[in-house]
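The values are calculated or read from the model by the stated rules, or taken from the named source; none is laboratory data. Source: prediction; values computed, not measured. Here the Cβ is made from the backbone with ideal geometry for all residues, glycine too, and neighbour counts use every protein chain on show.
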Ligand code: AMP
Ligand code: MG
């Protein structure tokens, strides 16, 4: 059945992005439309973000069909991000997916958001069996496949590295400029930093902690003894060295030959540089997922929906409730 050509529509709505992707069964991305919620001030407010998603859902869906050049009835499978994520946001995507599946009489597939980040990266980059570093506003995970699942080798014990950068940037009074996310604004300032200031470096076993680094960086800001550029530079050096250390140990332990970098923070050149150097030393291939597919997007959900569907992993409507804390290592992956 699954050999025939077909299309999967995927809906992403775990946090601030509402995205719809349409992907063919053989991995061609026909559409990947996204609309991001930008808070007026402060971080993501789950209810406000969900309101945004509900407002834009109709338009993003029709735009995706238009770009893909197909009609709703030509879609064979409806996939959605079932978790982990923010409850109110997840529910908008799940509701839209259930409505579409029932109206079109098509199967529904609930997809794990973290798994989707890895699978789209593997597909787009032709990467086979990597150690993945997934770094975003909500997640910081080092994972690799072993015995039917992606095992989590290391993860953050408190906040995600992207969130850490964003909170720091807001404390410094920085604003997203010209569509540049806060992490990218910090990156730009860090390039002008010259002096390295010691800040807390916290790796516990294979896990990471960013809250001490954040607190220390904020007190440095308030002290006013150092330039913002130097603090940004030191902050990045510390945070990214921690990530590189854990990724390196996972690579050495698993003896895999590839490293995949994904998530919104993957766009950072300094992080890329550190990981690339580390990979060279280990003779491993390094692949950075392009921005469109590294930040939250609908195409990754659609593609993982295809993989699940091929293996009969369909989600009955009565089991399609959202899972706010659904871990990557709870998911069986039969396609590897
Ligand atoms: P995501 O959660 O995948 O949508 O990614 C959003 C996160 O990526 C936010 O925390 C951003 O600040 C961060 N980000 C985006 N671009 C960069 C960059 N160039 N350097 C560091 N962080 C970034
Ligand atoms: Mg996002």
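Side notes on the structure shown:
- Looking only at residues of region 14-52 that are outside any strand (DSSP E or B) and touching a strand residue (DSSP E or B) at 6+ places or on another chain (Cβ under 6 Å), we find that the one that is farthest from ligand 1 (Cβ to nearest atom) is 14.
Okay, residues lined up against (1) within 16 Å of residue 329 (Cβ to Cβ); (2) in the same structural domain as residue 262 (by TED's automatic domain parsing); (3) buried (at least 17 other Cβ atoms within 10 Å of the Cβ):
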{"site": "144", "(1), (2), (3)": "yes, yes, yes"}
{"site": "179", "(1), (2), (3)": "no, yes, no"}
{"site": "184", "(1), (2), (3)": "no, yes, yes"}
{"site": "190", "(1), (2), (3)": "no, yes, yes"}
{"site": "206", "(1), (2), (3)": "yes, yes, no"}
{"site": "209", "(1), (2), (3)": "no, yes, yes"}
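- Of the residues examined, residue 158 is not one that is touching a strand residue (DSSP E or B) at 6+ places or on another chain (Cβ under 9 Å), more than 13 Å from ligand 1 (Cβ to nearest atom) and within 23 Å of residue 284 (Cα to Cα).
Here is a yes/no grid of residues against (1) within 26 Å of residue 246 (Cα to Cα); (2) in contact with a helix residue (DSSP H, G or I) (Cβ under 6 Å, 6 or more places away or on another chain):
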position	(1), (2)
171	no, yes
196	yes, yes
199	yes, yes
215	yes, no
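- Residue in region 320-329 that is within 16 Å of ligand 2 (Cβ to nearest atom), surrounded by 16 or more Cβ atoms within 10 Å (Cβ to Cβ) and under 19 Å from residue 138 (Cβ atoms) present: no
- Taken together, the residues in region 58-73 that are free of Cβ contacts under 8 Å to residues at least 40 places away in the same chain, closer than 30 Å to residue 175 by Cβ and either buried (at least 17 other Cβ atoms within 10 Å of the Cβ) or touching a helix residue (DSSP H, G or I) at 6+ places or on another chain (Cβ under 8 Å) (or both) amount to 0.
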